[in-house]
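Working notes, structure below.
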Amino acid sequence: MKTAAKANQRNRADRSQMKKLVKDIRASKSKAEAEKMLIEAISVIDKAANKKLIHKNKAARDKSRLTAHIRKISG
């Protein structure tokens with residue numbers, strides 16, 4: 001049970017980090033700042049998909065939506 005609990009804690013932290021990055025990008029007003037965060041977010045999303053924390057299609061959808069959101073930000 002200890003191993004499962006450790007894995008659960010690790011997975012929860014990874015998912016939380018991913019969600020926080022997505023939320024920060026959506027709240028960003030600066031396009032340059034959002035683009036910097038996007039690079040890190042894509043890396044974290046891909047790692048989560050590789051670890052099977054999220055489905056690969058969800059990873060692709062999240063990355064696509066974030067990229068589209070950044071394109072809409074002016075300046």
Fill in the blank from the handout: Counting only residues that are surrounded by 12 or more Cβ atoms within 10 Å (Cβ to Cβ) and in a loop (DSSP other than H, G, I, E, B), region 55-75 contains a total of 1
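One line per residue, one yes/no per condition, for (1) within 27 Å of SER74 (Cα to Cα); (2) open to solvent by 50 Å² or more (accessible area, probe 1.4 Å); (3) aliphatic (A, V, I, L, M); (4) in contact (Cβ under 8 Å) with a residue 12 or more places away in the chain:
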{"position": "ARG10", "(1), (2), (3), (4)": "no, yes, no, no"}
{"position": "LYS20", "(1), (2), (3), (4)": "yes, yes, no, no"}
{"position": "LYS23", "(1), (2), (3), (4)": "yes, yes, no, no"}
{"position": "ALA27", "(1), (2), (3), (4)": "yes, yes, yes, no"}
{"position": "SER30", "(1), (2), (3), (4)": "yes, no, no, yes"}
{"position": "GLU33", "(1), (2), (3), (4)": "yes, yes, no, no"}
{"position": "ILE42", "(1), (2), (3), (4)": "yes, yes, yes, yes"}
{"position": "LYS47", "(1), (2), (3), (4)": "no, yes, no, yes"}
{"position": "ASN50", "(1), (2), (3), (4)": "no, yes, no, no"}
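Can you tell me how many residues within region 28-54 are of a type in the set (A, V, I, L, M) and either touching a Phe, Trp or Tyr at 6+ places or on another chain (Cβ under 7 Å) or assigned to a loop (DSSP other than H, G, I, E, B) (or both)?
2
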Practice task
For residues that are touching a helix residue (DSSP H, G or I) at 6+ places or on another chain (Cβ under 9 Å), farther than 15 Å from THR67 by Cβ and not charged (D, E, K, R), tally how many sit in region 14-26.
Solution key: 2
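Please count how many residues of region 33-75 are of a type in the set (S, T, N, Q), closer than 21 Å to ALA7 by Cα and touching a Lys or Arg at 6+ places or on another chain (Cβ under 9 Å). Can you show your working first?
Taking region 33-75 as the starting set, the residues that turn out to be of a type in the set (S, T, N, Q) are 43, 50, 57, 64, 67, 74.
Among the residues that remain, those that are also closer than 21 Å to ALA7 by Cα are: 43, 50.
Of the ones still in play, those that are also touching a Lys or Arg at 6+ places or on another chain (Cβ under 9 Å) are 50.
Here the count works out to 1.
The values are calculated or read from the model by the stated rules, or taken from the named source; none is laboratory data. Here the structure is a predicted model, which is why all the values come from computation and not from measurement. Neighbour counts are summed over all protein chains in view; Cβ atoms, including those assigned to glycine, are modelled from backbone coordinates with ideal geometry. To get the accessible areas, we keep the full protein, side chains included, count just its heavy atoms, and leave off ligands, DNA and RNA. Shrake-Rupley method; radii C 1.70, N 1.55, O 1.52, S 1.80 Å.
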